[in-house]
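Colleague: Sharing a structure here in structure tokens format.
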Amino acid sequence: MMDKVLLIILLCLTGLSSKAQEFKVRSFRCLPNDITAWVDPVRDLNNEACALIKVVGDPDFVFSTPLGIVARRNEVGEIWIYVPHETVKLTVKHPRWGVLRDYRFPAPLESRLTYELVIASPPEKVQEKPYPKVVRFPFRGMENTSLDYSLRPMPMGKLRRGQAAYFLIATAGMHEGEMANGVRFGVMRQHGIWVHVQSNFRFLSTSGECNKRGELASGEPTPYYKESVSRALGTVTIGGIHRIVGLWHLYEGIGYGEQRVAWETLEGVKLRNTDYSAKGITGELGVLWEVRRMVLSVGMLTIRGEHWEPLLGIGINF
């Protein structure tokens, strides 16, 4: 009797194992023209944009990575999974077909890029029937699946520790036809700090002062002046930057600056024009926008509310 029971159990296990068919990855590639992950990024707990994998296969597949899955969305005909930056392995599970463990990508996945993973289902055995039967095969894109998947935060232990993002921007300001160049360097997560230095690389030495009417501060007779005007500008500011929405940031700062305007007499004597010169507290306010690895900024700089200068900037983040 015991031998019969063991034989029945063995036959059942053999039948179950024969149904467990292995599936495989047919192809994996990057989609350079797909901007889904760039236009509508999903961010992990470190506020870093994820990589997007569009999986073509059975909707019952379940996925996991050593760094976790940030979000899953069932779209028409495919599954979208968002994974952290630099993910290198993916485990695929199916309730009937088993597990494909630790599938390794050709290279670490990059944030804001979209990839396609095609999974081939195991071939099904076709049983012979006495009469022909019409078989309906599903076509990709014809079935609507639920989109009600909420973002599931990953445990911090599975993420890379929060790393600060650095940015370096070359700036340019224009005032009265004079251009000043500068460099802004900063570091941030949700909030951060930056330092900005700019100058037009002119250093003026003056021998006196005059006003906008050309009158000398010493009270001497008003001289005649040349038409050319010389300007020297230099500012140093430091401030904070804050992420306001998506890839947009707001920055503000305060520091010290000086604009020196010199008029030159016909005799070659340079005089500092006190009405057009400004020196003292300097303020900055503007916005910054991330475009993949590029950073664009636009803002305004003022010295004591007397000198106003629009600022444009372009740089990189790393």
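Colleague: How do 64-74, 242-252 rank on mean C-beta neighbours within 10 Å, highest first? Don't skip to the end; give the middle numbers.
Modeller: Numbers: 64-74: 18.4, 242-252: 14.7.
By packing density, highest mean first, the sequence is 64-74, 242-252.
Colleague: For the stretch 184-197, just list the computed ³J(HN,Hα) in residue order, Karplus coefficients 6.51, -1.76 and 1.60, θ = phi - 60°, integers in Hz, with x standing in for Gly and Pro.
Modeller: 10, 10, x, 9, 7, 10, 6, 10, x, 10, 8, 10, 10, 10
Colleague: Further question: Out of the stretch 51-96, which GluC sites (Glu not before Pro) are coil in DSSP terms and have no more than 10 other C-beta atoms within 10 Å? Intermediate values should be presented prior to the final figure.
Modeller: On the way: sites: E75, E78, E86; in loops: E86.
Here no loop site has a sparse enough neighbourhood.
Colleague: Something else: Check R202: other-chain or 5+ apart residues with amide H under 5 Å from its amide H, H built from backbone geometry?
Modeller: Amide H neighbours of R202, under 5 Å, 5+ apart: L233.
Colleague: Here is a further query. Rounded, prolate or oblate, given the Cα gyration tensor of the stretch 165-317, with a/c below 1.5 counting as rounded?
Modeller: Details: a/c = 3.50, a/b = 2.83, b/c = 1.23.
In terms of gyration-tensor shape, prolate.
Colleague: By counting other Cβ atoms within 10 Å of each Cβ, how are K24, K54, K89 ranked from fewest to most? Intermediate results must be reported in sequence, preceding the final value.
Modeller: Working: K24 12, K54 20, K89 15.
Ascending number of Cβ neighbours within 10 Å: K24, K89, K54.
Colleague: Now for a different question. Name the long-range amide H neighbours of N273: under 5 Å, sequence gap of 5 or more, or other chain; modelled H, no Pro or chain starts.
Modeller: C210, V261, A262, W263
Colleague: Taking other Cβ within 10 Å of each residue's Cβ, how do D102, D58, D40 sort, fewest first? The partial results should precede the final answer.
Modeller: Numbers: D102 12, D58 15, D40 9.
The fewest-first ordering by Cβ neighbours comes to D40, D102, D58.
Colleague: Turning to a different aspect of this structure: For the stretch 254-309, state which GluC sites (Glu not before Pro) are in a DSSP loop and have at most 13 other beta carbons lying within 10 Å of their beta carbon.
Modeller: Values: sites: E258, E264, E267, E284, E290, E306; in loops: E267, E306.
Counting only loop positions with at most 13 other Cβ atoms within 10 Å, the GluC sites (Glu not before Pro) in the stretch 254-309 are E267, E306.
Colleague: Might you report the magnitude of the Cβ-based charge dipole of the stretch 165-317 about its Cα centre, with Lys and Arg at +1 and Asp and Glu at -1, to the nearest 20 debye? Let's see the in-between values first.
Modeller: Working: 15 positive and 15 negative charges, 128 e Å.
Approximately 620 debye in magnitude.
Colleague: Here's another thing I want to ask about it. So for the stretch 165-317, averaging the separation of alpha carbon pairs under 8 Å that are six or more residues apart and normalising by length, what relative contact order in percent results?
Modeller: On the way: 416 pairs, mean separation 35.6, N = 153.
Normalised by residue count, the contact order of the stretch 165-317 is 23 percent.
Colleague: Something else about it: Tell me which aspartates and glutamates have Cα within less than 17 Å of K93's Cα, excluding those fewer than 8 residues away on the same chain?
Modeller: E22, D58, D60, E78, D102
Colleague: Among DSSP beta bridges whose residues both lie in the stretch 165-317, state the antiparallel percentage, nearest 5. Please list the in-between numbers first.
Modeller: Numbers: 88 of 90 bridges.
Bridges in the stretch 165-317 are about 100 percent antiparallel.
Colleague: For a quick check: with amide H placed at 1.01 Å from N, whose amide H comes under 5 Å from A51's, ignoring anything fewer than 5 positions away on the same chain?
Modeller: Amide H neighbours of A51, under 5 Å, 5+ apart: V83, H85, R112.
Colleague: So for F28, F203, fewest C-beta neighbours within 10 Å to most, what's the order?
Modeller: Numbers: F28 17, F203 9.
Ascending Cβ contact count within 10 Å gives the list F203, F28.
Throughout, read-outs are computed from the coordinates displayed, never taken from laboratory work. None of the values given here were measured: they were computed from a predicted structure. Neighbour counts are summed over all protein chains in view; Cβ atoms, including those assigned to glycine, are modelled from backbone coordinates with ideal geometry.
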